[in-house]
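The values are calculated or read from the model by the stated rules, or taken from the named source; none is laboratory data. Just so it is clear, the structure is predicted and the values come from calculations on it, not from any experiment. Because the Cβ atoms are built from the backbone with ideal geometry, glycine has one as well, and the counts that use them run over all protein chains shown.
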């Protein structure tokens, strides 16, 4: 494939005629529940650009929701996929196993920060990984209750919808949900005003009084909460929660689906917090765009389910495993941990200067290439979702793929691929902040 020009370009009409025709076909053939942020259709992508079907080139600040961290057409990944397709596309690891599955499990055992020897089971999606982590935790502890946090997002399946906090658009009208799922307050420094120790004490009090440690199989939390608003907990919060779990025989599950694989400037966000989870769930950035997820945990924990108790027809598909191995190599060989830190510095330097002049920016936060701008009404301190929507829409119309998030819909999130160039990164940031000034 010819390299894509790494510059933003919009034609006379955006969306263009081919995109509009495809939108008509989508309306006729795809349920309205499957909605899209951008008004166009992708044709190819690479570096920091997504080119649409009409030749418009858009700056990518989404990475397919933190999936194409190494790039949307990374050459190592593409070559690994081509080579595996020529060998075989599927055999089902539960029927006729293959080596790539083992290689991915071995690599994850080396990388994931769980204490002691680790084992991995592979699946297809983040929600599937979280659901299977809960199964493993219940099998190991013999307990049923699972605690999640305010502002959490863990997926769209029946069980993971129960763990997810936000009702619209994820849960509304889809209940009832699975039982023995509980929600407790976490740490949101901008809004709760608590330091890590204070927030942890509040959480532990709820765990003790409302659930009881003797009933609790696992606590599951994103080390940086994603859909809830890219919330970074106060220092010390997560280590104290993990300590309480260890003291009480409760497993701590780190949901690293969005934060894993160099996104936050380290392999996993848990490492920033100095914690060692019992189980880590991963997906998104693991395989350079192919569907793959993993549950990696302490060997004795992962061995708790009976033979045949874990699996799935497509789990650890050989093509996705080949892509994952290539993506992991790319992170190392291209220095993408360091690149994430560079993205963070460029973005936070720019946004901090803007924040000094604009009191509507309540906070700029995040790590690596997982950053957020939270917008509020400076007069009241209340979340400003309408302003956030206007800024995001104007940025999209100017050719920047922009996502929002947050329990109150007032957070603009930045998830560029680590293959983006500095000039494109700065241009995209300027377009977003120009949109904010106009709004």
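Structural remarks
- Residue in segment 204-213 that is closer than 25 Å to residue 132 by Cβ, in contact with a helix residue (DSSP H, G or I) (Cβ under 9 Å, 6 or more places away or on another chain) and either in the same structural domain as residue 300 (by TED's automatic domain parsing) or touching a residue at least 60 places away in the same chain (Cβ under 8 Å) (or both) present: yes
- Subset of segment 73-119 [more than 19 Å from residue 289 (Cα to Cα) and buried (at least 22 other Cβ atoms within 10 Å of the Cβ)]: 93, 112, 114, 118
- You will find that of 154, 140, the residue that is in the same structural domain as residue 320 (by TED's automatic domain parsing), at pLDDT 95 or above and surrounded by 24 or more Cβ atoms within 10 Å (Cβ to Cβ) is 154 and no other.
Residue by residue, here is whether (1) outside the structural domain of residue 360 (by TED's automatic domain parsing); (2) under 21 Å from residue 408 (Cβ atoms); (3) surrounded by fewer than 17 Cβ atoms within 10 Å (Cβ to Cβ) holds:
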{"site": "160", "(1), (2), (3)": "yes, no, no"}
{"site": "165", "(1), (2), (3)": "yes, yes, no"}
{"site": "173", "(1), (2), (3)": "yes, yes, yes"}
{"site": "195", "(1), (2), (3)": "yes, no, yes"}
{"site": "201", "(1), (2), (3)": "yes, no, yes"}
{"site": "216", "(1), (2), (3)": "yes, no, no"}
{"site": "221", "(1), (2), (3)": "yes, yes, no"}
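- Residues being assigned to a loop (DSSP other than H, G, I, E, B) and either at pLDDT below 95 or closer than 26 Å to residue 261 by Cα (or both) - total across segment 410-436: 7
- Segment 345-358, subset under 23 Å from residue 228 (Cβ atoms) and free of Cβ contacts under 8 Å to residues at least 24 places away in the same chain, residue surrounded by the fewest Cβ atoms within 10 Å (Cβ to Cβ): 352
- For segment 361-380, the criterion of being in the same structural domain as residue 58 (by TED's automatic domain parsing), in contact with a helix residue (DSSP H, G or I) (Cβ under 8 Å, 6 or more places away or on another chain), surrounded by fewer than 23 Cβ atoms within 10 Å (Cβ to Cβ) and in a helix (DSSP H, G or I) is met by none of the residues.
Residue by residue, here is whether (1) touching a helix residue (DSSP H, G or I) at 6+ places or on another chain (Cβ under 9 Å); (2) surrounded by fewer than 15 Cβ atoms within 10 Å (Cβ to Cβ) holds:
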| position | (1), (2) |
| --- | --- |
| 18 | no, no |
| 27 | no, yes |
| 47 | yes, no |
| 54 | yes, no |
| 58 | yes, no |
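- Those residues of segment 411-428 which are crowded, with 24+ Cβ neighbours inside 10 Å and farther than 15 Å from residue 334 by Cβ, in sequence order: 411, 412, 413, 414, 415, 428
- Residue check for residue 351: outside the structural domain of residue 103 (by TED's automatic domain parsing), outside any helix (DSSP H, G or I) and more than 20 Å from residue 75 (Cβ to Cβ): no
- Sole exception among (1) surrounded by fewer than 24 Cβ atoms within 10 Å (Cβ to Cβ); (2) within 30 Å of residue 234 (Cβ to Cβ); (3) assigned by TED's automatic domain parsing to the domain that holds residue 257; (4) at pLDDT 95 or above for residue 318, by number: (2)
- Residues of segment 391-408 satisfying the condition of being over 30 Å from residue 288 (Cβ atoms) and assigned to a loop (DSSP other than H, G, I, E, B): 407, 408
- Condition check for residue 418: under 25 Å from residue 45 (Cα atoms), in contact with a strand residue (DSSP E or B) (Cβ under 7 Å, 6 or more places away or on another chain) and in contact (Cβ under 8 Å) with a residue 40 or more places away in the chain: no
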